[in-house]
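Student: Got a structure for you, questions after.
Only the coordinates and a few stated rules stand behind these numbers; no lab work does. What you see is a predicted model, and the numbers here were worked out from it, not measured in a lab. Positions of Cβ are generated from backbone atoms using ideal geometry, with glycine treated the same way; all protein chains shown enter the neighbour counts.
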Amino acid sequence: MQKLGDFKLPHFFNYPPYFTLQSIRDTREKQVQLWKELIIDYCRTQKVFVIGLEEEFPLFANPVIERSLSHEAREVFLSALVQEGRAEWVDKGHKKCLILGFGFKIGLIVF
């Protein structure tokens, strides 16, 4: 199993199609669900609270299979977390996302 530091990555992380938004609705829903859980698990264990949509984030690329998520895919996955109430956009342009999947909400963040 591949690791990112001390974080164990799921098997789907090595499957190239999961780095491309799927066009079939059922497949895409499963893809979004897997990515949401991966993002929350990673952020919780690594104590990451903010993800910059346009910044490098370890989960958004897999050099082993030479794949990375498109800007659209990143936005879809983070927006899905926002819709569930597990994250919030911290700016109007939706460039930074505050992850809330830790059981608490931070009251004030200064950037």
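Student: Which angle between 0 and 90 degrees, to the nearest 10, do you get for helix 71-83 versus the longest principal axis of the chain when only C-alpha atoms count?
Tutor: Compared with the principal axis, the helix lies near 50 degrees.
Student: What percentages, rounded to whole numbers, describe P(r) for the chain computed over all alpha carbon pairs with 10 Å bin width beginning at zero?
Tutor: It works out to 13, 48, 33, 6, in whole percents.
Student: Further question: Using 18 Å as the Cα-Cα cut-off, could you pick out the over-long pairs in K8/K95; K36/K96; K8/K36; K8/K47?
Tutor: K8/K95
Student: Sort the following peptides by mean Cβ neighbour count (other Cβ atoms within 10 Å, averaged over residues), highest first: 58-70, 78-90.
Tutor: Result, highest mean first: 78-90, 58-70.
Student: Quick one: Y18, Y42, fewest Cβ neighbours within 10 Å first, how do they rank?
Tutor: Y42, Y18
Student: Set Lys and Arg Cβ to +1 and Asp and Glu Cβ to -1, take the dipole of the chain about its Cα centre, and tell me which of V76, C43, V90 lies farthest positive.
Tutor: Going by the Cα projections, it comes out as C43.
Student: Arrange the following residues from fewest to most other Cβ atoms within 10 Å of their Cβ: C43, C97.
Tutor: Lowest to highest Cβ neighbour count: C43, C97.
Student: Here is a further query. Per-residue ellipticity at 222 nm for the chain, helices alone: DSSP H runs ≥ 4 residues times -39500 (n - 2.57), over residue total, nearest 500 deg cm²/dmol?
Tutor: The per-residue figure over the chain is -10500 deg cm²/dmol.
Student: For a footprinting-style exposure proxy, rank H94, H71 by other Cβ within 10 Å, fewest first.
Tutor: H71, H94
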